[in-house]
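Taken together, the values in this text are just the output of simple stated rules run on the coordinates, not laboratory data. All figures in this text were calculated on a predicted structure; none of them were measured in a lab. Reconstructed Cβ throughout: ideal geometry from the backbone, glycine too, with neighbour counts over all protein chains shown.
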Amino acid sequence: MDGLDDIVEEFLVESHENLDQLDSDLVALEQEPDSRERLSSIFRTIHTIKGTSGFLAFNRLEEVTHVGENMLSRLRDGELALTPHRTNVLLQMVDTVRALLTSIEANGGEGDVDVSACVAAVTAAMEDSPTAAPEPAPAAAAAPSKAAAPAKAPAKAAAKAKTPAKAPAKAAAKAPAKRAPRARAAVPAPAPVPADELIEDVTPAVPENLPEEAPEVAAADGATGQPRRAVADSTIRVDVDLLDELMLLVGELVLTRNQIVQNVARQTDTDLIRASQRLNLIASELQEGVMKTRMQPIDHIWSKLPRVVRDLGLQLKKTIRLEMEGRETELDKTLLEAVKDPLTHLVRNSVDHGIEAPELRKAAGKPAEGVLTLRARHESGQVVVEVADDGAGIDPAKLGAKAVQRGLVTPDALARMSPADVLQLIFLPGFSTAAAVTNVSGRGVGMDVVKTNIEAIGGTIEVESDPGVGTVCRLRIPLTLAIVPALTVECASDRYAIPQISLQELVSLDAEKAANAVEEVGGAQVYRLRGELLPLVRLTDVLGLTSERHDGHVVIAVLRSEGRRFGLVVDRVINTEEIVVKAVGGQLKAIGLYSGATVLGDGTVALILDVQALARRALRTETADRQESRASVSQAAAAETERQRMLLASIGGGRRVAIPLDTVTRLEQVKTETVEKVGNREVVQYRGAILPIVRLDRHLGAYGESDRDVLEVIVYSDHGRSVAIAVEEILDIVDGEAAIRSDIDDLGLLGSAVLGDRVTELLDVRAAILAADPAFYSAHPTSPAPHDHATPAGVPGSFLEV
Amino acid sequence: MTATDYAMASATSGQLATFRLDGDLYGVEVEHVQEVLRSQQLTRVPLAPSAVAGLINLRGQVVTAIELRERLGRPARPEGTDAVVIVVRLDGEAVSLLVDSIADVVDVDAADFEAPPDTLEGQARDLIRGAYKLDGQLLLALDVQKAVSA
C-alpha cells in the first residue's frame with residue numbers, strides 16, 4: 001500500500017509543478033499561437049498527467065486530460081487554430097485538473113469533482129472551429145491521443161503505453177506530428193473571434209517575457225524532450241522536512257562555531273587558532289550551501305501571475321502587459337511561500353485599482369495598455385521585490401479624505417502629514433481605497449493583511465506613488481528566516497539581538513557629549529544626528545527595566561522602521577553575529593515585542609527584538625505628542641495656547657527668552673567667522689542657501705558677549721525660506737502649560753511668564769523673523785499656519801524626518 | 001456530565017512523575033515528561049506574564065520556563081534554593097516547569113482518584129485535575145496543558 005501512496009504522491013508533486021508551467025504556457029501561447037514548441041510542451045504535460053492517471057485509475061482525471069490532449073494535439077498539428085475561446089476552454093480544463101488533483105491529495109480519491117461540463121466545453125470548442133478542421137471531428141478526437149502516446153514519453157513509456165489500451169495502427173500516422181517544420185507552415189494565422197474581442201485586446205499583453213522563455217523550451221524540445229530528462233537526472237527531489245532539519249543542524253553548528261571561535265580567541269595555541277579559523281570558514285560555507293538548497297527563484301511564484309493578470313484584466317476590461325525583471329532572484333522556500341499571497345494581492349490591487357481603464361488612460365495621454373512591472377533583486381542581504389504599475393497613482397488628498405471619513409485619522413493630524421506619510425495610511429486595518437466594492441478587491445481586507453504577513457517574516461513594505469504616473473509597492477524580505485545577521489546589545493545586564501535589517505548606524509556619546517547632544521522635547525528625548533532630530537527610545541523604558549549604565553554614556557542604535565527612524569538607547573553594544581532564530585512559545589509571542597529568541601555564542605539565550613513592534617509601541621505615543629505640538633504652530637506667536645512647549649534660551653545679561661518650540665525647525669551651531677554681512681544684515685551660508693541671522697540679544701536690546709566663536713542659532717523655516725535666530729545659549733525645553741503669564745510687554749516680546757522658576761520673556765517670533773528677513777512673510781501674505789498649506793509639502797522637511 | 005463523571009473521566013491509572021512544591025506533592029503524566037534538569041541559567045523576559053520565569057537553553061533549543069510556584073499562587077521559592085527544571089513536551093513543543101525538587105515516579109490507580117478538594121481555591125483549582133489518595137499523603141495531579149498556558 002505504501003508503494004502506491006508514494007507513486008500517487010510523486011504524481012501529485014509532479015503534476016502540480018507541471019500545471020503551474022502550463023498556466024503560463026497557455027497564456028503565453030495566446031501571444032504566439034503558432035509556437036509549436038509551446039504547444040508541444042503543453043501537450044506533453046497533459047499527456048503525462050493523462051498517462052499516469054490512467055495507470056493509477058483516476059478515471060475522471062483521465063477523461064478530462066484525454067479530451068484536452070485531443071484538442072492540443074489538433075492544435076499542435078495545425079488542424080485547429082488557437083482562438084481565445086479555446087484558450088479559455090483549455091485553462092478551464094487545467095482548473096478542472098487542478099481541482100481533481102486537490103481532491104486526490106486531500107481524500108485520496110477524485111471526490112465529487114464534476115468533469116462533464118469541462119469535457120463538453122472542450123469537445124464543443126473543437127467543433128465550433130472557424131477554421132474548419134480538415135477531418136470530421138469525432139474521428140480526429142479519438143485518433144491523436146492514441147497516436148501521441150507511443151510517439152513520445154521516453155522514460156515512462158511503459159506506464160503510459162498501457163494507458164490507451166485501444167492504441168491501434170492509426171498511431172503511426174500521427175506520430176510524425178512531432179516534426180515541427182512540416183506543420184508550422186500549415187498553422188493558420190490566428191483567427192479573431194469577434195465575440196471575444198476583449199481577449200484579442202489582451203493579446204499583446206505578455207510578449208515581453210516570452211522571448212526569454214522560448215529558447216529554453218525550444219532547446220528542450222529540440223531533441224524530443226531528451227534534455228529535459230537530463231535535467232531531471234541531475235537533480236533529485238528532497239523532502240523539505242529533511243532540508244529543514246539540515247538547516248536546523250547547520251544553525252546549531254553555526255552557534256557552536258561561534259562559541260568555539262569566541263573561546264579560541266582567548267587562547268594562544270596557534271594550531272588551535274588555525275583550526276578554529278578553518279572551522280569558521282567551513283561552517284560559513286556549509287551554511288551558505290545548505291541555505292542554497294532551500295533557495296528557489298522567485299519565478300516560482302511569479303509564474304502564476306501572468307494568468308492572474310490576464311484573467312483579472314479580462315474581467316475588468318483592462319489591457320495590461322506584465323513585465324518581469326529579475327525572475328531568477330532566489331530566496332528561501334519558506335519565505336517564497338510566505339510572500340506568495342501578499343504578492344498576488346498586490347498584483348491584483350494594481351490591476352484593479354492601480355491601472356485605469358483604457359479610455360481613462362487614453363484621456364490621460366497614456367497608452368491604452370497598462371504596464372505592470374514586477375522587479376526582484378538582491379540588495380544588501382535582502383531581497384527587494386517591487387510591484388510597479390503605470391496607473392493613476394494614489395492621490396494623497398483622496399486617500400487622506402478617506403482615512404478621515406473612516407475615522408482612522410483626524411483631519412488635523414492629516415493636515416500635518418507629508419504626502420509620503422499619507423500613503424502609508426493604506427496599511428491601516430480596515431482601509432480600502434476602492435470606490436466601489438468589486439469582487440476582486442475592495443472588501444476592506446487588504447493592505448493591512450499584506451503588511452502583517454510581510455512583517456511576520458521579518459520583512460517590510462512601503463508604498464510610493466506619483467499621482468498620474470503610477471504606484472510602486474516595495475517589499476524588503478530577508479534572504480532567509482533561519483539565520484540572520486544581528487547586532488547584540490546589552491540592556492540592564494541582559495542581552496538582546498536586533499536584526500541588522502533595521503539597523504542603520506550606531507552612535508556612541510560619552511557623558512560630556514551626551515549631556516549636550518541629547519535634548520528633551522517635552523519629556524521625549526531627541527538627539528541631533530547631523531542636524532536631524534532623532535527621537536530616542538530607551539530600551540529600558542520599553543521593557544520596564546532599570547539601566548545599569550550610570551556613567552552618562554549614551555549608546556544609540558539608529559533603527560529604521562516603516563520609513564521612520566528612531567534611536568534605540570541601549571546600555572552597550574556587544575557585537576554583531578549571525579544568530580539562529582528560534583521560535584518562542586505562545587506566551588511570549590503575545591507580548592508582541594520579541595520576534596524570537598536565539599542562543600548566543602556563550603550559550604545564553606537572548607531575545608530578538610521586533611523592531612517594528614518596538615517602533616510602533618514606543619513612537620506612537622510620542623508622535624502623537626509631537627503632532628499635538630505641531631498643531632499649535634499657528635498660535636505659536638500668541639501666548640494663549642495652553643499646552644505649549646518652550647525652548648528656553650539665554651540671550652545675555654541674565655535674560656531668558658522662551659520660544660515656542662513648534663516654530664523651531666532645527667538647532668544649529670554656526671561658526672562666527674562664517675557669518676557675512678549683506679548690507680546691515682548678517683547672513684550665513686547654510687546648506688547652499690543664504691540664511692539671514694537675527695541676533696536676539698541685539699534685537700531685544702540685551703547686549704551679550706559678541707566675541708564668541710560659535711553662535712547657537714535656532715533655525716526657523718517656512719515656505720522654503722529660513723531664518724536663524726542667534727541666542728547665547730540654549731538652556732532647556734519646558735512645558736509652558738503651568739506657566740504664569742504677566743502682561744508686561746516690550747518691544748519684540750509677547751509677554752513674560754515664569755518658566756522653570758524664573759521669569760522668562762516670551763519672544764514674538766514673527767517680529768524677530770521680520771527683523772532678520774523683512775521679506776520673510778511677504779511672499780506669502782498669510783501667516784505661516786499649517787492649515788494654510790494645501791499639502792503638507794510646506795512643512796519643514798526636518799520635521800517630517802523624525 | 002456530573003461532577004463525579006467528570007472526576008472519573010479524568011481519573012486515569014498509570015504513572016505520574018512526582019515533584020514537590022511548597023511542601024505538597026504533585027504529579028504529571030510520565031509520558032509528557034521529556035527530561036529533568038538541574039537549575040539552569042535563565043534569561044528573563046521583560047513584560048512576560050509573571051509565571052514565565054524566563055528562557056533556558058536546552059541543547060540549542062530555546063525553552064520557556066514556567067515558575068510553577070507563581071502559577072499555583074504559592075509564595076516564591078526561598079532565597080538560596082535552586083529550582084529543578086522538568087521539561088515537558090506538549091504537542092511537539094517543549095516547555096519547562098520550575099519546581100522545588102523531583103520525587104519518584106508513582107503508579108496510581110484510578111480508584112484512588114478524587115476531584116480537587118473543595119477547599120482548593122483560586123487559580124490552583126483550575127490547574128489541578130484532582131488528587132490521588134496515596135498512603136499518608138495526597139498526590140495532586142497537575143493539568144500540564146493548563147499549567148503551561150500561562
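Numbers below:
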item	result
With at most 14 neighbouring Cβ atoms within 10 Å, loop GluC sites (Glu not before Pro) (DSSP) excluded, longest segment of chain B	B:1-78
Overall form of the stretch A:1-134 per C-alpha gyration tensor (a/c, 1.5; a/b vs b/c)	prolate
Cα gyration tensor category, rounded, prolate or oblate, for the stretch A:297-478 with a/c compared to 1.5	oblate
Nearest-0.05 FRET efficiency for B:Leu138 and A:Thr270, computed from C-beta distance (R0 60 Å)	0.40
The stretch A:285-331-the stretch A:26-60 distance, computed between alpha-carbon centres (Å)	22 Å
Helix-only mean residue ellipticity at 222 nm for chain B, each DSSP H run of n ≥ 4 adding -39500 (n - 2.57), per residue, nearest 500	-3500 deg cm²/dmol
Environment charge at A:Ile591 (Cβ cut-off 14 Å; Lys +1, Arg +1, Asp -1, Glu -1)	+3
The stretch A:295-381: GluC sites (Glu not before Pro) falling in loop per DSSP and having at most 11 other Cβ within 10 Å	A:Glu328
Of A:Lys333/A:Lys451; A:Lys317/A:Lys366; A:Lys50/A:Lys333, those spanning more than 26 Å from alpha-carbon to alpha-carbon	A:Lys50/A:Lys333
Amide H partners (placed H, <5 Å) of B:Leu58, local residues excluded	B:Val63
Among B:Thr18, B:Thr64, B:Thr43: highest mean-square fluctuation, GNM of chain B, C-alpha pairs under 10 Å	B:Thr43
